[in-house]
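Below: one structure, written as structure tokens.
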Amino acid sequence: MTIEGFIAQYGLLAVGLGAAFEGEAVVATGGLLAHRGLMPLDQVMLAAAVGSCMLDQFYFFLGRYLRDSWLVRRVTSRATYGRVLAMIERNPTPFILAFRFMWGLRTVSPITLGTSQVAWPRFAILNVISAALWAIIVSSAGYLFATGLTAAGAELHRIEHLALAVVAITVIGAIVGLAMRRIFMPMP
């Protein structure tokens, strides 16, 4: 089986799982691969939204109903827990819509939301909206990045070129994520 065949067969599953456990780099790479025609962009967006939403919903329920579990205790013992909880209490709706865009807060936020006073139906609705927006924005960024590379003369037909594009997406995503975290969650 060729790499293209493998991506065509398992790519959407990888995007869904990657969106859940890794995040932006995988979803942006899905957009890049959609540009190559290996997966439909709308399906990349859907897989990313579902994967991200499902894991965050799981983490919310973990925080809500299994507060004594090792993972919840680990999160609630972090210094960031108090700051995240304070942000949630001040502005729960904007926080729920934005946390997945703040690098480094993807796991702690839904668990912290689960320990907060936010009702689960409110979280569920906002989580779906946020996951959909995030998936559309990040996968489109990967797609547009590939479009820009192609317009600049890069050939994304060889696996080495795709690998370099993935590295570039990962680095750019990390820089943007760190900048957003500093903006939304400055150190005291």
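The values are calculated or read from the model by the stated rules, or taken from the named source; none is laboratory data. Remember, it's a predicted structure, so these values are computed and weren't measured experimentally. No Cβ is skipped: glycine too gets one built from the backbone with ideal geometry, and neighbour counts run over all protein chains shown. Note: accessible area is taken over every heavy atom of the protein model, side chains too, but ligands, DNA and RNA are not part of it. Shrake-Rupley method; radii C 1.70, N 1.55, O 1.52, S 1.80 Å.
In region 78-104, the residues that are within 15 Å of T115 (Cα to Cα) reach residues that are aromatic (F, W, Y) and part of a helix (DSSP H, G or I) with C-beta atoms within less than 6 angstrom, at least six apart or across chains, in these pairs: M87/F95; I88/F95. Based on what the data block shows, is V75 of a type outside the set (K, R), free of Cβ contacts under 8 Å to residues at least 60 places away in the same chain and surrounded by 19 or more Cβ atoms within 10 Å (Cβ to Cβ)? So V75 passes the test. Open to solvent by less than 80 Å² (accessible area, probe 1.4 Å), of a type in the set (A, V, I, L, M) and modelled with pLDDT of 65 or more - does that describe any residue in region 153-165? The answer is no, given that none of the residues of region 153-165 is open to solvent by less than 80 Å² (accessible area, probe 1.4 Å), of a type in the set (A, V, I, L, M) and modelled with pLDDT of 65 or more. Hey, could you check region 120-143 for residues that are modelled with pLDDT of 95 or more and either over 17 Å from L55 (Cα atoms) or basic (K, R) (or both) and say which is most open to solvent (accessible area, probe 1.4 Å)? Checked region 120-143; the qualifying residue most open to solvent (accessible area, probe 1.4 Å) is R122. I'm trying to understand the selection: among the residues of region 88-105, which are in contact with a helix residue (DSSP H, G or I) (Cβ under 6 Å, 6 or more places away or on another chain) and either open to solvent by less than 30 Å² (accessible area, probe 1.4 Å) or under 18 Å from W70 (Cα atoms) (or both)? If the condition is that a residue be in contact with a helix residue (DSSP H, G or I) (Cβ under 6 Å, 6 or more places away or on another chain) and either open to solvent by less than 30 Å² (accessible area, probe 1.4 Å) or under 18 Å from W70 (Cα atoms) (or both), then I88, F95, I96, F99, R100, M102, L105 are the ones that fit.
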